[in-house]
1. Would you mind getting me the FRET efficiency between SER51 and ARG83? Use the beta-carbon distance for r and R0 = 30 Å, nearest 0.05.
2. List, in order, the whole-Hz ³J(HN,Hα) value for each residue of the range 70-85 obtained from phi through the Karplus relation with A = 6.51, B = -1.76, C = 1.60 and θ = phi - 60°; use x for Gly and Pro.
3. Using just the helices of the chain, give the 222 nm mean residue ellipticity in deg cm²/dmol: DSSP H runs with n ≥ 4 each add -39,500 (n - 2.57), and the total is spread over all residues, rounded to 500.
4. What relative contact order, as a whole-number percentage, does the chain give when Cα pairs under 8 Å and 6 or more residues apart are counted?
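We did not get these values from a lab; they are worked out from the coordinates using the rules stated. Keep in mind that what you see is a predicted model, and the values were worked out from it rather than measured. When we count neighbours, we look across all protein chains shown, and the Cβ atoms used for this are built from the backbone with ideal geometry, even at glycine.
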Amino acid sequence: MRPDANTVDVYIENLAGERRSAISRLGGLRKGLMPGFKESVEYGMPTYTKSGEVFAFASQKDYVSLYVNNRGLIEKHKNKLGRAGFGKNCIRYRRPSEINFKAVEDLPGEAYTS
């Protein structure tokens with residue numbers, strides 16, 4: 001990923017292979033599942049914000065990472081999120097093929113309606 005990506009589309013274009021496909025699919029959340037969320041690139045990663053809720057994702061060196069500023073939501077869905085590592089507000093997948101997209105897709109809507 002080039003550090004000078006200033007839009008989500010440029011961020012995705014600069015990725016390769018399986019990661020590009022996975023990040024592109026995560027970026028696709030914005031098209032239907034996150035209406036009203038403001039899209040930006042913050043701290044070098046695609047970020048979506050609405051009424052204090054923040055969702056972001058990034059292709060890191062060893063992981064595809066998802067950032068959710070709602071720890072309770074992560075805990076609630078932990079068993080559904082697949083084979084992942086968890087941080088305070090972070091979900092990390094070593095392989096893009098391990099992402100449970102259905103579970104990830106449920107997070108933004110539930111965060112905003114809960």
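1. Numbers: r = 31 Å, r/R0 = 1.04.
Working from the Cβ atoms, E equals 0.45.
2. Computed from phi, the couplings for the range 70-85 are 9, 4, x, 5, 4, 4, 4, 9, 3, 5, 8, 6, x, 6, 9, x Hz.
3. Result for the chain, helices only: -10000 deg cm²/dmol.
4. 21
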